[in-house]
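The values are calculated or read from the model by the stated rules, or taken from the named source; none is laboratory data. Remember, it's a predicted structure, so these values are computed and weren't measured experimentally. In this analysis, Cβ positions are derived from the backbone assuming ideal geometry, glycine residues included, and neighbour counts consider all displayed protein chains.
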Amino acid sequence: MLGKQSLQFMNKPYMISSGSIVGSKEAAGPMGKLFDKVGYDDKFGADTWEDAESSLQKEALEIALEKAGLKKKDLQLVFAGDLLGQSIASSFGLSGYQLPHVGLYGACSTCGLSLTMGSMAVAGMFAEKVACITSSHFASAEKEFRFPLAYGNQRPKSATWTVTGSGAFLLSAQPGSQVRAVISGATVGKIVDYGLKDSMNMGACMAPAAADTIRQHLEDFGRQPDYYDKIITGDLGTVGQQLLFDLLAEAQIDITKQHMDCGIEIFDSERQDTNAGGSGCGCSAVVLSAYILKKLEEGVWNRVLFLPTGALLSKTSFNEGQSIPGIAHGVVLEHYAG
């Protein structure tokens, strides 16, 4: 443990492989050519949106295993989660692998949560190789949290578009033939609630948690923002990004030069009509796999603070008038020099 909320790994886990799969809208965005696989039928051959999301996780893991030259028997643990009730995308999608399964729920921060838990298992020598997986699907998320697609409701400018996609990451205690990045530390976020209740403005709900985790991370590690080439949030979008800057400015922290948001980068908001940007568990996961790790592999970036953000609501809590708390988990990713 380091400081109040952070972990520094003495046995640094190696991220040896990853896989990404996205839907048609994501493929039409600025990063479309970087993803491993695209499904132009957003049901991915399934009968329901939920089954489609389950297939995303299965395929993302298969891609990651194939790239690493591994079989499912080589994994000791799987850390997985999604946005749906009881995390059914993960449990139904991965049940066929018959691997020890740790189900997680961190809303859209689940990629950061799974990487943190997986890193703890590897760094603590409880497992040699683990998989960290998450997903989201626009249609299943709308059905779960907002309105059925057939309703055709209008979306305010503050709304974000849930990414259809899944990212899978393999962590190992040994480097092997390929290393995409090294994980040197993490900061586990805490629940931050500013009393906001607008489910169509997820960026505003999550920005306070992102600011809190970034501030605590820098304090725990004794670092300044320029220690990192990039500080990358998950899916604050354009509204949440400005709020993040404002909140950190109150703490005299300026990350404007280093900041990037996966939700802003994954879509061309004007051309694709995604309003404030992208969101969902799959947003940060597929951007990490397809884009961020590529920059780290090539040495364009040496250190990145990867900070997926999540809004901890359910349709029950929302319908009962509860506020929407946020959480953000930070993971330190470094270039592997060999």
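Selection of first residues in segment 1-27 that are part of a loop (DSSP other than H, G, I, E, B) and of second residues that are at pLDDT below 95 and surrounded by fewer than 24 Cβ atoms within 10 Å (Cβ to Cβ), restricted to Cβ pairs under 7 Å at least 6 apart or on distinct chains, gives the following pairs, ordered by first then second residue: G23/G39; G23/D42. Residue-level analysis places A168 among those that are of a type outside the set (D, E), surrounded by 24 or more Cβ atoms within 10 Å (Cβ to Cβ) and at pLDDT 95 or above. A single entry from G69, G96 fulfils the requirement of being within 19 Å of V130 (Cβ to Cβ) and either at pLDDT 95 or above or among the polar types (S, T, N, Q) (or both): G69. Taken together, K67, K71, K43, K33 contain a single residue that is in contact (Cβ under 8 Å) with a residue 24 or more places away in the chain, more than 19 Å from G112 (Cα to Cα) and of a type in the set (D, E, K, R), which is K67.
Scanning segment 283-330 for residues being in a helix (DSSP H, G or I), among the hydrophobic types (A, V, I, L, M, F, W, C), at pLDDT 95 or above and in contact with a helix residue (DSSP H, G or I) (Cβ under 9 Å, 6 or more places away or on another chain) gives a total of 7. Restricted to segment 53-76, and to residues there that are aliphatic (A, V, I, L, M) and over 19 Å from the mean Cα position of the chain (by Cα), the residue that is nearest to P100 (Cα to Cα) is L75. Just the residues that are over 20 Å from N11 (Cβ atoms) and touching a Pro at 6+ places or on another chain (Cβ under 8 Å), please, taken from segment 76-111. V78, G106, C108, S109, T110, C111 - these are the residues of segment 76-111 that are over 20 Å from N11 (Cβ atoms) and touching a Pro at 6+ places or on another chain (Cβ under 8 Å). If I filter segment 262-277 for residues that are more than 23 Å from K25 (Cβ to Cβ) and surrounded by fewer than 16 Cβ atoms within 10 Å (Cβ to Cβ), do I get at least one hit? No. When each of G203, G263 is tested for being over 30 Å from E66 (Cα atoms) and of a type outside the set (S, T, Y), the lone residue that passes is G203. Taking the conditions (1) outside any loop (DSSP other than H, G, I, E, B); (2) basic (K, R); (3) in contact (Cβ under 8 Å) with a residue 40 or more places away in the chain in turn, K58 satisfies each one other than (3).
Look through segment 206-259, keep the residues that are touching a residue at least 40 places away in the same chain (Cβ under 8 Å) and part of a strand (DSSP E or B), and return whichever of them is surrounded by the fewest Cβ atoms within 10 Å (Cβ to Cβ). Once the filter is applied, the top-ranked residue is K230.
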